[in-house]
Amino acid sequence: MARIELQHHFCEGCSFCIKKELQKISNLSNIRFYPKESIVTFNFIKANALSNALNALSEIGYPEKGERINTERFSKSFCRC
């Protein structure tokens, strides 16, 4: 099980967008969101699924807390709420 604390806060609407992107990754299941704490949790089978999920989160503007951000290509977030 992965418990990822994100750098940016997100709302329920953003949760839907994030989940849509994470569901594209095979071997992820039981995706849950905790907007008040900026946390996403999910189960994964293979380590590459975790890596793919972290990359996807970064690509849509919700990098893991502590991750360095390339400000040239970083967009604030995928959803504009």
task: Can you work out which of the residues in the stretch 39-61 that are of a type in the set (S, T, N, Q) and not in a strand (DSSP E or B) is least open to solvent (accessible area, probe 1.4 Å)?
output: S58
- request: Inspect the stretch 64-73 for any residue being modelled with pLDDT under 95, surrounded by 14 or more Cβ atoms within 10 Å (Cβ to Cβ) and aliphatic (A, V, I, L, M) and give the result as yes or no.
  value: no
query: For the stretch 1-38, what are the residues that are open to solvent by 60 Å² or more (accessible area, probe 1.4 Å), under 21 Å from I69 (Cα atoms) and either part of a strand (DSSP E or B) or among the polar types (S, T, N, Q) (or both)?
result: R3, E5, Q7
- prompt: So which residues in the stretch 11-64 are of a type in the set (S, T, N, Q) and in contact with a strand residue (DSSP E or B) (Cβ under 9 Å, 6 or more places away or on another chain), if there are any at all?
  reply: S15, Q23, N27, S29, N30, S38, T41, N43, N52, S58
task: For residues that are out of contact with any Leu (no Cβ under 8 Å at 6 or more places or on another chain) and of a type outside the set (D, E, K, R), tally how many sit in the stretch 1-51.
output: 26
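The values are calculated or read from the model by the stated rules, or taken from the named source; none is laboratory data. Quick caveat: nothing in here was measured; it's all calculated off a predicted structure. In this analysis, Cβ positions are derived from the backbone assuming ideal geometry, glycine residues included, and neighbour counts consider all displayed protein chains. When the accessible area is computed, the model is the full protein with side chains, heavy atoms only, and any ligands, DNA or RNA have been set aside. Shrake-Rupley method; radii C 1.70, N 1.55, O 1.52, S 1.80 Å.
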